[in-house]
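Shown next, in structure tokens, is the structure this report addresses.
FYI, it's all coordinate maths here, none of it is from the lab. Predicted model only: the values in this text are computed from it and were never measured. Here the Cβ positions follow ideal geometry from the backbone for every residue, glycine too, while neighbour counts run over all protein chains shown.
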Amino acid sequence: MDHVKAEEYIEGIKRLRTEKNAIILAHYYQTGDIQDIADFVGDSLALSQKAASNNADIILFAGVKFMAETAKILAPGKKVLLPDLNAGCSLADSCKAEDFKKFIDDNPGRTVVTYVNTTAEIKALSDIICTSSNAVQIVESLPVDEKIIFAPDRNLGNYVLNKTGRDIIIWNGACHVHEEFSLEAILKIKKEHPESKLIVHPECELPIRMVSDFIGSTSALLLYSKKDDARTYIIATEAGIIHQMQKENPDKLFIPAPPKDSTCGCSECNFMKLITLEKIYNCLKSESPEITLDEDIILKAKKPILRMMEISKKLGL
Ligand code: 13P
Ligand code: SF4
């Protein structure tokens, strides 16, 4: 998009946001221009917390559908807008409600801990939700002998299992971005920059996590890159986070971890990148597309999300 057009959309968004008392919540995986215009930028947990407590009439979610649905569940009285309803999530898609219900029925007596990257229907089938910021602590908050189902991410599940040693069976789902990083290409960069630190999201595969210097959610990676004293970092999560890292640490070098398929460019979530300034402007103007959910699903899905938020609050997360 040319610069003049972008400026026009930004001015329009600012005007409409004030006129309509709207708030723009953006995930770290959005493009830099969207992060810069947002009222609040955060990871999944922080965005849920913000959605649950704000004075706006409209929440425009610059992120993917499961995030906007979580905002609607937490703030059902507000209008929640998502500029492109095709902004889904390969991880959420890897867990369909019908199959998951059967999985729960086939494994009775287990507490169902579900990652926030799921549809509202899956949340409604769950006992407690977690995000990558609090997954380990949420599982640790359960009694030691409690048997657990963890869904849908097999890598995060494996990470939580290794950290907690709990009795956990894991749903076999994955994210197309975080499973795409190439260990070989990462080790090559590491060789070229021996002083660099490799920091990775827990949705990455075990071999990548094993050679990493730090594992954490997007906000934990951001904080680490700020507090740590290295000058160069290899970032194994969606490359959008580098915008904030670079803003907060202008003197440091951030290198996106390369994907296995070197022809597909740097590691971006094609769902997150469906959101653009133009779509945000049109969405605010027309107040559509809007997220709508059945009352019954909202009630059932809210319970496990609130349970997570209470524990997070208690632990100061
Ligand atoms: P965070 O919980 O770190 O925000 O991650 C969300 C996500 O979609 C990871 O792919
Ligand atoms: Fe889903 Fe992966 Fe995109 Fe995150 S990066 S929204 S888990 S597809």
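Just going by the charge dipole of the chain, with Lys and Arg at +1 and Asp and Glu at -1 on Cβ, which of Ile37, Ile168, His201 is farthest out on the positive end? Positive-end residue among those listed: Ile168. Between Leu85 and Asn172, the simple spin-label model (points 7 angstrom out along Cα→Cβ) gives 3.2 nm. Using a cut-off of 18 Å between Cα atoms, the listed pairs Lys20/Lys285; Lys191/Lys227; Lys163/Lys302; Lys78/Lys302 include Lys191/Lys227; Lys163/Lys302 as exceeding that distance. When both bridge partners sit in the chain, DSSP labels roughly 5% of those beta bridges antiparallel. Between Phe103, Phe254, Phe150, find the one with the highest GNM mean-square fluctuation for the chain; connect C-alpha pairs within less than 10 Å. Maximum among the listed residues: Phe103. This model, with +1 at the C-beta of Lys and Arg and -1 at the C-beta of Asp and Glu, gives region 10-165 a dipole about its Cα centre of some 260 debye.
Judged by the gyration tensor of its Cα atoms, with axes a ≥ b ≥ c, region 210-317 is oblate; a/c meets the 1.5 cut and b/c is at least as large as a/b. Expressed in units of 2.2 N^0.38 Å, where N is the residue count, the Cα radius of gyration of the chain is 0.99. For region 259-306 versus region 181-243, the inter-centroid distance based on Cα atoms is 25 Å. If R0 is taken as 22 Å, the Cβ-Cβ distance between Leu183 and Arg231 corresponds to a FRET efficiency of 0.40. Considering region 1-114, its Cα convex hull presents a mean projected area of 8.6 nm². Think of each Lys and Arg Cβ as +1 and each Asp and Glu Cβ as -1; about the Cα centre, that makes the dipole of the chain roughly 600 debye. Stretched out straight at 0.36 nm per residue, the stretch from Glu248 to Asn21 would grow longer than its current Cα-Cα span by 78.8 nm.
Over all directions, the average projected area of the alpha-carbon convex hull for region 67-164 comes to how many nm²? So the Cα hull casts an average projection of 7.0 nm².
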